[in-house]
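The values are calculated or read from the model by the stated rules, or taken from the named source; none is laboratory data. On a predicted model such as this, the values are computed, not experimentally measured, just so you know. All Cβ positions, glycine included, derive from the backbone under ideal geometry; neighbour counts span all protein chains shown. The protein model used for the area step is the full one, side chains on, heavy atoms only, and it has no ligands, DNA or RNA in it. Shrake-Rupley method; radii C 1.70, N 1.55, O 1.52, S 1.80 Å.
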Amino acid sequence: MPASVVARKPKTIVLQIEVPIESGNMLDLEDGLQRALNEAVFVNIVVAST
């Protein structure tokens, strides 16, 4: 589940996440969404510190 920086401005950042929806199970989708959001937060922290 990659997360990437789409755009960066002095006071804003745009992140894009990819969440698989293969199983059709809402619990799996929720888990995948949570993992993708966690990765996006990590990317944001790394980008903000540079």
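Look through segment 13-50, keep the residues that are of a type in the set (S, T, N, Q) and more than 13 Å from Pro2 (Cβ to Cβ), and return whichever of them is modelled with the highest pLDDT. Give the steps one after another, and end with the answer.
As a first pass, look at segment 13-50 and keep what is of a type in the set (S, T, N, Q): 16, 23, 25, 34, 38, 44, 49-50.
Next, from what is left, pick out any that are more than 13 Å from Pro2 (Cβ to Cβ): 23, 25, 34, 44, 49-50.
Numbers: Ser23: 72, Asn25: 83, Gln34: 88, Asn44: 71, Ser49: 74, Thr50: 69.
Among them, the one singled out is Gln34.
Going through Leu15, Leu37, Leu29, Leu33 one at a time, which residue ends up being more than 9 Å from the chain's Cα centre (by Cα) and surrounded by 10 or more Cβ atoms within 10 Å (Cβ to Cβ)? Give the steps one after another, and end with the answer.
Numbers: Leu15 fails: more than 9 Å from the chain's Cα centre (by Cα); Leu37 fails: more than 9 Å from the chain's Cα centre (by Cα); Leu33 fails: more than 9 Å from the chain's Cα centre (by Cα).
Exactly one residue qualifies, and that residue is Leu29.
Does Pro10 satisfy the criteria of being open to solvent by 60 Å² or more (accessible area, probe 1.4 Å) and more than 8 Å from the chain's Cα centre (by Cα)? So that I can check it myself, show each step before the final result.
Values: open to solvent by 60 Å² or more (accessible area, probe 1.4 Å): yes; more than 8 Å from the chain's Cα centre (by Cα): yes.
Yes, satisfied.
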